[in-house]
1. When region 598-635 is examined, which residues are found to be in contact with an Asp or Glu (Cβ under 7 Å, 6 or more places away or on another chain) and basic (Lys, Arg)?
2. Among the residues of region 21-40, count how many are in contact with a Gly (Cβ under 9 Å, 6 or more places away or on another chain) and among the charged types (D, E, K, R).
3. Given the criterion buried (at least 23 other Cβ atoms within 10 Å of the Cβ), in a loop (DSSP other than H, G, I, E, B) and in contact with an Asp or Glu (Cβ under 9 Å, 6 or more places away or on another chain), identify the matching residue among VAL104, VAL47, VAL127.
4. Evaluate the following for LYS680: is it modelled with pLDDT of 80 or more and basic (Lys, Arg)?
5. Does region 472-483 hold any residues that are at negative phi and either buried (at least 24 other Cβ atoms within 10 Å of the Cβ) or in the same structural domain as THR109 (by the TED database) (or both), and which are they?
6. Out of the residues in region 529-547 meeting the condition of being open to solvent by less than 20 Å² (accessible area, probe 1.4 Å) and of a type in the set (A, V, I, L, M), tell me which one is farthest from ASP589 (Cα to Cα).
7. Give me the residue from region 50-67 that is touching an Asp or Glu at 6+ places or on another chain (Cβ under 7 Å) and open to solvent by 10 Å² or more (accessible area, probe 1.4 Å) and, out of that set, farthest from ASP566 (Cα to Cα).
8. Looking at (1) crowded, with 24+ Cβ neighbours inside 10 Å; (2) out of contact with any Leu (no Cβ under 7 Å at 6 or more places or on another chain); (3) within 16 Å of LYS625 (Cβ to Cβ), which one does ARG561 not meet, given that it meets all the others?
Amino acid sequence: MPVRVEEFEMAERSFKKEVQQLRIGAGEEFRGEGILAVTKALLQSGVGYVAGYQGSPISHLMDVLADANDILQELGVHFEASASEATAAATLAASVMYPIRGAVTWKSTVGTNVASDALANLASGGVTGGSLIIVGEDYGEGSSIMQERSHAFAMKSQIWLLDPRPNLESMVKAVEDGFALSEASKTPVMLQLRIRGCHVHGRFIAKDNQRPAFSLAQALESPARDTSRIVLPPASFLHEQEKIKERWPAAIRYIKEHKLNEHFDGDQDDIGLILQGGLYNGVIRSLQLLGLADNFGNSRIPLYVMNVAYPVIEDEVIDFCRGKRAVLLLEEGQPDYLEQALHAVLRKAGVDTKLSGKDVLPMAGEYTTQVMRDGLREFLKRERPESLQTHPAVAADAGAAEPALQVTEITRPKPAPRPAEQPITFHKHVAELAAVVPPRPAGFCTGCPERPIFSALTLAQEKLGQHHISCDIGCHLFSILPPFNLGATTMGYGLGASSAAAFNVPAAKRPISIMGDGGFWHNGLASGIGNAVFNKYDGVIVIVDNFYASATGGQDILSSRAENPDRSTNNPIDQAVRGVGVKWVRTLDRTYDVAKVRATIEEALTTDIKGPKVIIAQSECMLNKQRRIKPLFNQAVKAGKRVVKERFGVDPDVCTGDHACIRLSGCPSLTVKDSGDPLKEDPVAHVESSCVGCGNCGEVAHAAVLCPSFYRADIVHNPSGRDRFLARLRQGVIGYLQRRREARLAKFAL
């Protein structure tokens with residue numbers, strides 16, 4: 001029987017307390033995290049609906065919106081978690097015909113990839129109500145995906161791209177400007193939020209929340225229709241002309257008139273820096289390290305901050321560069337879209353200012369403070385070496401640039417000047433540490449129910465030989481790393497089964513593919529399972545059902561077991577699979593039964609039945625389970641109720657020290673320790689206190705016929721009289737046996 005979760009948590013973090021700040025009005029100070037500030041900005045802007053799909057660093061924005069749903073409903077704002085990024089993008093269709101402001105959100109380029117069809121149609125026909133696409137750009141060390149940028153999609157479909165400075169005031173203003181720019185140019189606007197911007201803390205002065213000026217209900221009561229907005233020839237040909245002749249000039253006018261890009265003066269005005277807004281904090285810190293900016297953010301080198309990364313405002317670039325000997329462009333990532341554009345702008349205008357960029361800065365990789373500092377130093381060595389001499393901090397007086405950060409009542413002594421060439425020591429030991437500390441690849445959490453699936457698959461392959469395995473996006477992708485080392489490819493979220501489609505040929509071995517329940521509902525049902533049925537695919541598809549979209553924080557999905565008041569859950573995957581025509585379906589409701597999982601995989605790989613073989617492996621995500629049961633467990637203990645916690649251990653006297661259990665499990669709580677026996681040179685297996693009692697290690701040992709050294713111990717809180725009696729009885733029997741054993745050993749010693 002399926003497990004039913006009576007208590008549930010929407011995500012890994014609750015914002016129930018923080019979202020109450022969203023109610024504050026004009027003139028009050030808002031304090032908090034970047035994603036909370038963005039939510040407040042949406043409400044202040046009179047947004048009518050919000051939709052999106054989870055993914056770092058945007059997951060918490062979705063969690064904030066979910067926790068604030070009662071506040072949204074009070075304002076008449078509709079919110080929903082979309083089935084995919086394509087669904088979210090298509091939701092913006094509500095703003096095509098009606099003056100309703102809408103916002104959607106998703107994770108960087110992978111999300112935009114999925115949404116690109118809808119976005120292209122949206123941008124072609126244009127919008128009436130402001131349409132804002134909030135993209136979590138997790139480029140660099142915070143990323144979990146391929147290293148690409150969303151900039152290309154903005155250019156391809158002519159969607160204006162905002163990249164605000166990462167502080168709350170700038171991000172809130174960018175949301176408000178984004179809606180206004182969208183309406184002024186009848187074009188959707190993409191707002192890029194970097195991972196540090198999403199999680200930066202700060203404050204700003206709030207405005208009143210606004211109810212939508214035109215509601216979704218009004219749109220339904222008074223439907224509008226304009227075929228010229230639909231992408232169908234000949235209208236689609238006119239859309240291109242409209243983009244160039246009307247929308248683009250309207251966007252340029254709005255950006256210039258409202259000064260969306262920023263210019264900060266400096267006293268070394270023969271050089272300058274042009275930078276993406278999202279890099280601003282790092283650039284200022286780099287300048288501080290070179291003695292070229294003070295603690296208030298005032299730079300001695302003039303700055304042109306491109307809070308609008310696309311389109312490039314040519315007049316502003318020309319005005320900034322004219323009269324300067326050299327300018328450095330700080331553009332993170334590749335290709336160098338902005339650098340190419342700025343070269344064209346300057347040369348066409350006859351401006352002979354030298355433009356540097358990727359010649360002193362790396363073409364690829366994240367622009368950390370250290371990277372930008374080194375690039376700035378190289379640029380200054382070439383163009384203005386005297387700038388690298390010792391400088392006093394820039395005074396925040398009437399003659400200096402306006403402070404980038406609004407600071408009041410600060411009486412802080414100015415730091416002593418530091419020679420620019422003095423080595424910075426906080427990174428000096430990185431190379432040494434890399435040589436000493438072993439690499440720690442990502443892996444499954446302690447007690448993860450997915451680990452036994454791959455232990456079983458490993459054991460099945462030991463018997464039947466190696467098979468081609470197509471992986472998918474999600475926690476289960478950790479199976480490609482030690483100790484399992486499974487899987488050959490991963491092509492995208494929910495595309496595990498599709499990735500093995502080409503192997504639908506007669507062969508001695510069947511292909512295997514993996515997908516999670518989140519990927520199944522996102523994309524896998526149609527593109528994977530439906531495609532397999534249609535093409536009479538004869539491979540094995542394993543669907544890992546852990547009850548949540550676990551990799552993004554534990555949000556509910558269609559097949560979640562929780563009773564969710566705002567969503568329809570408890571929709572079984574096996575019914576959906578059978579509904580599209582799969583005949584061979586096996587549902588395993590306890591993945592920790594390694595022997596059963598192994599037997600089912602072997603059956604799927606060897607059966608004579610043709611067509612797709614689908615195994616649905618179910619067990620609740622351990623992280624979410626612990627978040628759910630720990631508070632209940634602690635409450636029960638405090639209330640004096642009898643509760644039992646299971647723990648597992650290894651008997652060092654029985655353990656042989658071959659560590660096969662560790663190689664087949666890889667659980668973080670399973671380690672080694674000294675046996676304490678001089679006759680055993682090898683350390684024995686040991687279970688640490690982080691164990692959550694899932695029992696996987698013992699199940700693996702049993703299924704692999706390893707050893708009987710694992711044992712289970714039940715820790716009883718608030719024991720009953722019967723528990724105490726049984727404990728005394730067990731201790732007596734164990735004590736008797738131990739004394740007898742010691743006595744026998746003493747005889748041998750004599």
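The values are calculated or read from the model by the stated rules, or taken from the named source; none is laboratory data. The structure presented is a predicted model; accordingly, all values stated were derived computationally and were not measured. With ideal geometry, Cβ positions are generated from the backbone for all residues, glycine too; neighbour counts draw on all protein chains shown. Ligands, DNA and RNA are excluded from the accessible area calculation, which covers all protein heavy atoms including side chains. Shrake-Rupley method; radii C 1.70, N 1.55, O 1.52, S 1.80 Å.
1. LYS610, ARG627, ARG628
2. Total satisfying the criteria: 3.
3. Residue meeting the stated conditions: VAL127.
4. Taking the combined requirement at face value, the residue does not satisfy it.
5. At the first step, the residues of region 472-483 found to be at negative phi are 472-473, 475-483.
Answer for region 472-483, where residues must be at negative phi and either buried (at least 24 other Cβ atoms within 10 Å of the Cβ) or in the same structural domain as THR109 (by the TED database) (or both): ASP472, ILE473, HIS476, SER479.
6. Restricting to residues being open to solvent by less than 20 Å² (accessible area, probe 1.4 Å) and of a type in the set (A, V, I, L, M), the top hit is ALA532.
7. SER56
8. Answer for ARG561: the failing condition is (1).
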